[in-house]
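The values are calculated or read from the model by the stated rules, or taken from the named source; none is laboratory data. Computed from a predicted structure; not experimentally measured. Glycine gets a Cβ as well: all are built from the backbone with ideal geometry, and neighbour counts include every protein chain shown.
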């Protein structure tokens, strides 16, 4: 190629760009002004939206998420308006269409992450549990340590940290022992068949009625539940005034001590397992004859 022709093409191209730039200077100035003012307004809007969402959701994570979404959307609108003034809106539309297709593909590829994310949002809106609550989710029971948009962290009573995906938290029953500020325990006890059950009930309830650590709003209750092999069983229901595990275990321990002491003071028997052997059934021997005949059999063998 002739160098002079190549040089002329380059010069013509640069001249064309220069003319177009000069022609678009008003549009560039207007677009720049819109971007500057728009970004300033978007910053003020972001602060306002953050305060509004904090009042609505009472959750820093979820309010921050929605604030960021609103802020990014407002910035996108401003940039799109500026590009439209520069007559670049068609190119932007094509880019957005491509981004939408890519986003759809990524949504299918990361659907579990998306499910956990959406579950985290719904949990933040419904608030079935809070940090510090004693809960049981699936087979895990403990205190809630952290709630984020992907998972919920529980510290079990054995000290382990369990990270549960929010999808499992949202789709499974949640037992929240802290919601009412107290926690019930059912203590099962058995007494001998020879005891006066009304006396047993009165003594048991009196033993735990004024016990420290119980809720003042709930009185202990006692129900006989059935006949066991060697005892008549009952369950006494106590409400600990705090759902925390140390307080719960302390109330349980104190109740066992007080019930045992009350039973000892009133000669109420908590029976051991009993087995009755009946030798008098058909084909057997009465117990009083067994040692004699065995002794005679032994003597005969020895002679």
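Miscellaneous remarks
- Where residue 223 falls short, out of the listed (1) without any contact (Cβ under 8 Å) to a residue 40 or more places away in the chain; (2) touching a strand residue (DSSP E or B) at 6+ places or on another chain (Cβ under 8 Å); (3) surrounded by 13 or more Cβ atoms within 10 Å (Cβ to Cβ): (3)
- So residue 149, is it in the same structural domain as residue 224 (by TED's automatic domain parsing) and out of contact with any strand residue (DSSP E or B) (no Cβ under 6 Å at 6 or more places or on another chain): no
- Residue within the stretch 50-57 that is on the phi < 0 side of the Ramachandran plot and modelled with pLDDT under 75 present: yes
- Identity of the residue in the stretch 128-159, assigned to a strand (DSSP E or B) and modelled with pLDDT under 90, that ends up surrounded by the most Cβ atoms within 10 Å (Cβ to Cβ): 147
- Residue match in the stretch 160-173 (condition: touching a strand residue (DSSP E or B) at 6+ places or on another chain (Cβ under 6 Å), assigned to a strand (DSSP E or B), at pLDDT 90 or above and within 19 Å of residue 249 (Cα to Cα)): no
- Evaluating residue 201 against the criteria (1) assigned to a strand (DSSP E or B); (2) in contact with a strand residue (DSSP E or B) (Cβ under 6 Å, 6 or more places away or on another chain); (3) surrounded by 14 or more Cβ atoms within 10 Å (Cβ to Cβ) leaves one unmet condition, (1).
- Every residue from the stretch 227-270 that is part of a strand (DSSP E or B) and more than 17 Å from residue 194 (Cβ to Cβ): 235, 236, 237, 238, 239, 240
- Of all residues in the stretch 174-198, those satisfying the criterion of being under 30 Å from residue 149 (Cβ atoms) and not in a strand (DSSP E or B) are 177, 178, 179, 180, 181.
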